[in-house]
Amino acid sequence: MKARYRYIIYPTDQQKQSLAQLFGCVRVVWNDALALCKQSEKKPKSAELQKIVITGAKQTEERTWLEDVSCVPLQQSVADLDIAFKNFFNSCKGKRKGRKVGYPKFKKRTSNQSARFTLRGFSIKKNGGIYLAKIGIVNPIWSRELPSEPSSVTVIKDCADRYFLSFVVEIQPISSEAKNPSIGIDLGIKTFAVMSNGEKAESPNYKKLDRKVRKLQRKIARQPKDSKRRNVTRIRIARLHNRIADTRKDFLHKLSTKIVNENQVIVLEDLNVSGMVKNRKFSRAISQQGWREFRTLCEAKSEKFGREFKVISRWEPTSQVCSDCGFKWGKIDLSIRSVLCLNCGTEQDRDENAARNIEKVGMGNRHDSKRALRDCQTTSVAEPDEASRIAAPLGR
Ligand SMILES: [Zn+2]
């Protein structure tokens, strides 16, 4: 299986200049190729595109500077566009799992910049330096060792002006014994994850950083376009976004590693995240949570450690059924955190009960879910004052 390994680099001023030039060329080639695809009725083949937007363009007066950079990343740029189109078409036809992929977009000067080198364009030196064609040798901070020879490397410059090398390498799955047979996980806004074994994972608090971002966003809205001050604010906002993203990534990585290490089967609920984000009241909080990222990480690590990863349908009534006896109490208001089961008398924590049901459904230990679906349409939502159905409403 393939994995990505990323390292930070600190290029020299000269290299920064060469990289800026390279990023510009890669962007122009991508945009030219995309414009051409938009004009033509049928998408031209990758080889044809390369002929026009690279080889052909170098001969024209407006694009002679394409000669000054390595042609490897330029060709990769056209190849990447091809992949972007393929992903888009497959996503339209439903051949691709995961979230919907949109039509390829033009690249902007202000967003993340990248250039990809294949083996023809880079090499690893004995002292750990990386030679990039027409850029020179850069020295990554080797925070961990590369597990195998990389097949390609991408140079990235993010919005906060940090530089990275990202390698694609082949890794071997690791086989290890899991402590527990299975786990169900209920994802939420207040508590990030509640596990079927009763454990909880609180997500980091982004509020303080978020407040700073909003303040700067109000500031940038007042600043004149193309001014130097505006650019400074832009970078400050980008840095803050990076900090939020890094904190989140760190949290999600640690949690997913722990879960995948300890359990043989991991069951999650399929959440309609893009649908939820449309709800404006919650959108900011939901995008910050990183549920989708968490699922992707769990899935990838499950493959790496030989675990089974399962996702159950979002229509399973996991919060409407007692996880002990299977009694169905129906829909309950979001403010109700705890339910007393009328049938077996157990008091169930709402999220923990849901997590246990997710685990049960994922492991196939649950009765007919179709019947449950039919039933749930006839049950009304219980209000907090309906004492007969609910006990101990703890509130939010
Ligand atoms: Zn019960």
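The values are calculated or read from the model by the stated rules, or taken from the named source; none is laboratory data. Quick caveat, the model's predicted, so the values are computed rather than measured. A quick note on method: Cβ atoms are made from the backbone with ideal geometry, for glycine too, and the neighbour counts reach across all protein chains shown. In case anyone asks, the SASA skips ligands and DNA or RNA and just uses the protein heavy atoms, side chains included. Shrake-Rupley method; radii C 1.70, N 1.55, O 1.52, S 1.80 Å.
Brief remarks on what is shown
- Hits in the range 145-174 (condition: in a loop (DSSP other than H, G, I, E, B) and open to solvent by less than 10 Å² (accessible area, probe 1.4 Å)): Pro150, Ala160
Okay, residues lined up against (1) within 16 Å of the ligand (Cβ to nearest atom); (2) aliphatic (A, V, I, L, M); (3) open to solvent by 50 Å² or more (accessible area, probe 1.4 Å); (4) more than 30 Å from Ser176 (Cβ to Cβ):
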{"residue": "Asn272", "(1), (2), (3), (4)": "no, no, yes, yes"}
{"residue": "Val277", "(1), (2), (3), (4)": "no, yes, yes, yes"}
{"residue": "Arg284", "(1), (2), (3), (4)": "no, no, yes, yes"}
{"residue": "Ser302", "(1), (2), (3), (4)": "no, no, no, no"}
{"residue": "Thr346", "(1), (2), (3), (4)": "yes, no, no, yes"}
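- Among the candidates Asp82, Asp68, residue that is open to solvent by less than 40 Å² (accessible area, probe 1.4 Å) and among the charged types (D, E, K, R): Asp82
- Annotation: Glu316 fulfils all but one of (1) surrounded by 20 or more Cβ atoms within 10 Å (Cβ to Cβ); (2) within 14 Å of the ligand (Cβ to nearest atom); (3) of a type in the set (Asp, Glu); the unmet one is (2).
- For the range 175-210, filtered to residues that are part of a loop (DSSP other than H, G, I, E, B) and without any contact (Cβ under 8 Å) to a residue 24 or more places away in the chain, the residue that is most open to solvent (accessible area, probe 1.4 Å) is Glu177.
- Among the residues of the range 319-333, the ones that are surrounded by 16 or more Cβ atoms within 10 Å (Cβ to Cβ) and either more than 14 Å from the ligand (Cβ to nearest atom) or among the β-branched types (Val, Ile, Thr) (or both) come to 2 in all.
- Out of Leu22, Leu36, one residue alone is surrounded by 12 or more Cβ atoms within 10 Å (Cβ to Cβ) and under 30 Å from Gly129 (Cβ atoms). It is Leu22.
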